[in-house]
Structure formats: C-alpha cells, structure tokens
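The values are calculated or read from the model by the stated rules, or taken from the named source; none is laboratory data. Nothing here was measured: the structure is a model prediction, and the numbers come from that model. Cβ sites come from the backbone with ideal geometry, for glycine too, and all protein chains shown count toward neighbours. Surface areas here come from the heavy atoms of the whole protein model, side chains and all, with no ligands, DNA or RNA. Shrake-Rupley method; radii C 1.70, N 1.55, O 1.52, S 1.80 Å.
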Amino acid sequence: MMLLVAAVAAKAELEFTYTAGAELTSAYLWRGQYNGGLSFQPELGVGFETENIAFNVGAWGNIGASDWRFTTKKDKYIDEDGTEINPNTQFMPELDVMLSLSLWGASIGVNHYYYCDGSNFLSWQSKQQILEDENTSSTELWVGYNFGNRLDVGLFINWYVTLAGCDFNYDDDKVTRAYSSYIELGYEHEFERIGLTISADLGISPWRSDDIYKNGKFAVTNISVRVEKAFDLGVCSLSVFAQGMINPNGLNKETAYISAAGDEKLYKQKMNGAVGLGVWF
C-alpha cells in the first residue's frame, strides 16, 4: 500500500504539511462526554499531501484543571493509605498518538490514547494482564469518508472501533471485550470573508460499549455545534470558539446538569458548553 501511495504521489505535486498549536478551553468535551474542566490542549502533527492523497502523524495532549490540583473547600476526603485527596485530582494528563492515510476522500487511521498514570504505554497485553496491571490505555482503528472531494461540501463520516487495551464490559464476574464503537457524522462550513467556521457533529454508539455508553445499546450520544472565529496575525493565527454539546443517552433532569465537582460530574453530565482560545502556527 505505501509503495502504491509513493508511486502515485511521485506523479503529483507533493506538499509538506504540519500542525502546531494549542487551545485553552473552559471544559474538556469529547464525544458527548464531560471529561473535565479548564484544560490546556497542545497539538503537533506532520505529513504530506497531494491533491487526492494525504498522510499524517501527530500527537495531542490534555492537561486539565484536575491535574493542576485545583481544590475546593469541601471536596476533600481521605484515601485508604491516609492521603488527603480531592475528587478533582482523580484523572491524569492525556497523550494521544494518531496516524492516518487518506486516498481520494477515503481514510483509515489509528488513534492511541494514553493516560499518564504510570501504566504500560501500549497496554496491548492479554485481557487478564491488562486488568491485573490496571492499565488504562487503549487503541482504536477508524475508517471514514470525506464527501468534500466529490460534492464540494464539508460533510464527512467516521467509524471508530477500539481493538486493544482497556475496553471491557462487566457482567457480574464475566469480563468481555467491548469493542467500543463510535460513529461520527460531521459537517463543517467556513465563511472565508469573515474568518468564521461553523461545525456540527452527530455521534452514535452502535452497540453497548465500555464505561460511558454502557447504559444502552444503539444510542445517539452526541449532538454538538462549534463556532470559531480566526484572526490572522502573520506569524500565527489566533482563534476564539464556543461549543455546545448534548448527550441524549440518559438525559433527564438529574443528569442534564450536575452541580458537584470532580468525579461526580465526570462523564455523567449530559448538557455541556465550553469557550476557548487557540493559537496556531
């Protein structure tokens, strides 16, 4: 496959591409989930592209307010070893490594998620070993298609499936691999004259999955809209954005908004919003 790509690319104009920048967001929102509060999210990627081919390798990170040890007066408790802990400190910085190949609008890629908690980076061991070592990382394969190549419209669809790592369903004493999946239908439109971009996503869990989606089988889990305004500063671009997100799966008056901080709110709150600032080079 790579030899074919190289041969085709050699006949076209090859262009080196890169992504470098970061965003500061008031909340870490992902696939219908509230994953944390104020967060710093850097991103770096390199690749090449021609008119119909693109290959990219990149990394994305998240450092949230919980990792910065923000505390509240009444959220502290004592761990088993006597350590005083705040629920807001119960999740770790995140590092994602991504690789993708696109051919005439069709794409295939791999995303690896690692949470900097001291566990094995890959977590590709057997199910028993993953559970014994309490590894948290996971790896997903995805395929997709961008209709922009054919229809000149910012419409795309992606299907993600977790194939390795910590991704299980628990039924009493039985532990089975979940193959957690997420289908994303997205649309993006840029108003070039005013530098404004509007994007919308519809996310679906096609079957019961680990953790967040285990309350149901087929379910709509994400409806989100993001509005972003970019400012060209020459050496870099500055962007401001606002995002709204609803997870209809399990939405009720108790889960729409949860006033508690820390673990009580993580992944459970179904209506969320965020504003942020980005800098890109």
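Restricted to segment 105-194, the set of strands (runs of 3 or more DSSP E) holding at least 3 residues that are touching a strand residue (DSSP E or B) at 6+ places or on another chain (Cβ under 6 Å), under 28 Å from Phe55 (Cα atoms) and touching a residue at least 24 places away in the same chain (Cβ under 8 Å) comprises 106-115, 138-146, 155-165, 181-191. Restricting to segment 202-232, name every residue that is open to solvent by less than 40 Å² (accessible area, probe 1.4 Å) and either among the β-branched types (Val, Ile, Thr) or modelled with pLDDT of 95 or more (or both). The answer is Gly203, Ile204, Ile212, Thr221, Asn222, Ser224.
The number of residues in segment 233-263 being at pLDDT below 90 and either surrounded by 15 or more Cβ atoms within 10 Å (Cβ to Cβ) or touching a helix residue (DSSP H, G or I) at 6+ places or on another chain (Cβ under 7 Å) (or both) comes to 5.
Count of segment 132-172 residues, restricted to those that are open to solvent by 60 Å² or more (accessible area, probe 1.4 Å), touching a Gly at 6+ places or on another chain (Cβ under 7 Å) and over 16 Å from Asp201 (Cβ atoms), is 2.
Within segment 43-59, the residues that satisfy the criterion of being assigned to a strand (DSSP E or B) and over 13 Å from the mean Cα position of the chain (by Cα) are Leu44, Gly45, Val46, Gly47, Phe48, Glu49, Ile53, Ala54, Phe55, Asn56, Val57, Gly58.
Look at (1) modelled with pLDDT of 85 or more; (2) buried (at least 18 other Cβ atoms within 10 Å of the Cβ) and you find that Pro87 fails only one, number (1).
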